[in-house]
Amino acid sequence: MDLIETRKVLPFFKGKKVFVTGHTGFKGSWLVFLLKEIGATVKGFALEPESDPNHFDLLSLKNDIDHTVGDIRNESLLKKAILDFQPDFVFHLAAQALVKDSYNDPVKTFETNVMGSVNLLNAVRQCDSIRSLVFITSDKCYENVDCIWGYREDDRLGGIDPYSASKSSAEIVFSSFNRSYFLSKENFGAASARAGNVIGGGDWSPNRILPDCIRAINFNEPIKIRKPNATRPWQHVLEPISGYLSLGVNLYHNPSAFTGTWNFGPPTSQVKTVDEVAKMLIKLIGKGSIEIDKSNNYNYEANMLQLNCDKAIQLLDWRPRWDINKTLEATVQWYKVFLNEGDIESITKSQLYEYFKDEL
């Protein structure tokens, strides 16, 4: 298996055309900002940012990339955007990404995460310029049985809540397209990627522990925690992004070797409970308190979630660079700059260059 050296991954994108769905979201905005920094020509396709403030607007990315507002459920608009752009790479991040919202609106969740994915995959199938597709789903696509050793890529898919079920369904759709069309497509590689719980500066999504903590502390309110003992594979947003980019380049060069599914997450030794993360955050910020929500009026959430990332470590030479302490330090540093009305582009760029110090 010919593997592209890590230090050569980012420079490879210079001058390449990269199509990103969901580029206005938390993870998408970090990805397109990095691609812009390394000289890629980027076209984004997504809904307008859902929160105010949001990372995409704070970085003024609308002025630096080809920004198209669109819904992936709109098959004709999405297909036209891809065929007109003729990209080399596609990174698919667009999704309804919140578990609570999936309970409130399961139809929209399945329409977006399943049929939106069908529309994306069908458009990619018809665009001959594309050499590499990284199809991003979620660590929650696995049938969660509270295993302690971490889910592997070949473990059973499933999901109790609509969000998890929609992501496992998207994986089945991807596998079908991959085996029916993509494996026989010349000079083309496709893979799905499943990342752990992503945190970092720029996330304002409701009902996520880090944004909820920042909001509560900023307003001098207690941090309300529903399931203090629930564990999650917390990782900084740049960790899976580094994996996606490495996977994308290796698919470009050696499609048959890197097709399939890949996990990106922290080692099991870095998995922390919600309570532990909240307490670490309070210590870093220097103030705050925790209040356990005992109302029991919330929907089902898994108690334990871990990923086994041996495949990415051994075959892709990818591994996490920041432990949970560094991840939370960087996250708090970013939000402190924001709350003090500092330069968001500068702090985002400095964290990019710190993380990718040997490659940028």
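Six or more apart or on different chains, Cβ under 6 Å: which pairs go from a residue in the stretch 25-51 that's closer than 20 Å to residue 137 by Cα and in contact (Cβ under 8 Å) with a residue 60 or more places away in the chain to one that's of a type in the set (Asp, Glu) and assigned to a strand (DSSP E or B)? Could you list them?
Matching pairs, first to second residue: none at all.
Among the residues of the stretch 54-62, is there at least one that is of a type in the set (Ser, Thr, Tyr) and either touching a residue at least 12 places away in the same chain (Cβ under 8 Å) or crowded, with 23+ Cβ neighbours inside 10 Å (or both)?
yes
Going by the structure shown, is residue 146 more than 21 Å from residue 244 (Cα to Cα) and loosely packed, with under 15 Cβ neighbours inside 10 Å?
When the stated conditions are applied, residue 146 passes them.
Which one is nearest to residue 55 (Cα to Cα) among residues in the stretch 333-343 that are open to solvent by 10 Å² or more (accessible area, probe 1.4 Å) and either modelled with pLDDT under 95 or in a helix (DSSP H, G or I) (or both)?
To start, the set of residues in the stretch 333-343 that are open to solvent by 10 Å² or more (accessible area, probe 1.4 Å) comprises 333, 336-343.
Pick out the ones that are also either modelled with pLDDT under 95 or in a helix (DSSP H, G or I) (or both) and you get 333, 336-341.
Numbers: 333: 15, 336: 14, 337: 13, 338: 10, 339: 13, 340: 16, 341: 14 Å.
Step by step, filter the stretch 333-343, then rank; the result is 338.
What number of residues within the stretch 1-21 are of a type in the set (Lys, Arg) and open to solvent by 90 Å² or more (accessible area, probe 1.4 Å)? Don't jump to the end; show me each part of the working.
Of all residues in the stretch 1-21, those of a type in the set (Lys, Arg) come to 7-8, 14, 16-17.
Now narrow it down to the ones that are open to solvent by 90 Å² or more (accessible area, probe 1.4 Å): 7-8, 14.
Qualifying residue count for the region: 3.
Name the residues in the stretch 264-286 that are open to solvent by less than 50 Å² (accessible area, probe 1.4 Å) and not in a helix (DSSP H, G or I), would you?
Passing the criteria: 264, 265, 266, 271, 273.
Just need a number here: residues in the stretch 155-181 that are in contact (Cβ under 8 Å) with a residue 40 or more places away in the chain and charged (D, E, K, R).
Residues meeting the conditions: 3.
Provide a single number: the residues in the stretch 169-201 that are under 17 Å from residue 96 (Cβ atoms), assigned to a helix (DSSP H, G or I) and open to solvent by 10 Å² or more (accessible area, probe 1.4 Å).
Of the residues in the stretch 169-201, 2 are under 17 Å from residue 96 (Cβ atoms), assigned to a helix (DSSP H, G or I) and open to solvent by 10 Å² or more (accessible area, probe 1.4 Å).
Go through the stretch 79-92 and report how many residues are closer than 19 Å to residue 111 by Cβ and either surrounded by fewer than 24 Cβ atoms within 10 Å (Cβ to Cβ) or of a type in the set (D, E, K, R) (or both).
2
Looking only at the stretch 63-78, which residues are open to solvent by 40 Å² or more (accessible area, probe 1.4 Å), within 20 Å of residue 36 (Cβ to Cβ) and of a type in the set (S, T, N, Q)?
The one that is open to solvent by 40 Å² or more (accessible area, probe 1.4 Å), within 20 Å of residue 36 (Cβ to Cβ) and of a type in the set (S, T, N, Q): 63.
Given the options 313, 344, name the one that is farther than 16 Å from residue 234 by Cβ, free of Cβ contacts under 8 Å to residues at least 40 places away in the same chain and of a type in the set (A, V, I, L, M).
That would be 313, the only listed residue that is farther than 16 Å from residue 234 by Cβ, free of Cβ contacts under 8 Å to residues at least 40 places away in the same chain and of a type in the set (A, V, I, L, M).
Which of the residues that make up the stretch 207-241 are of a type outside the set (A, V, I, L, M, F, W, C), assigned to a helix (DSSP H, G or I) and open to solvent by 10 Å² or more (accessible area, probe 1.4 Å)? Don't jump to the end; show me each part of the working.
Residues of the stretch 207-241 of a type outside the set (A, V, I, L, M, F, W, C): 207-208, 211-212, 215, 218, 220-222, 224, 226-229, 231-233, 235-236, 239-240.
Going one step further and asking which of them are assigned to a helix (DSSP H, G or I), we end up with 211-212, 215, 218, 239-240.
Those that are of a type outside the set (A, V, I, L, M, F, W, C), assigned to a helix (DSSP H, G or I) and open to solvent by 10 Å² or more (accessible area, probe 1.4 Å): 212, 215, 218.
The values are calculated or read from the model by the stated rules, or taken from the named source; none is laboratory data. Since we're looking at a predicted model, the values are computed, not measured. Here the Cβ is made from the backbone with ideal geometry for all residues, glycine too, and neighbour counts use every protein chain on show. These area figures cover heavy atoms from the full protein model, side chains too; ligands, DNA and RNA do not enter into them. Shrake-Rupley method; radii C 1.70, N 1.55, O 1.52, S 1.80 Å.
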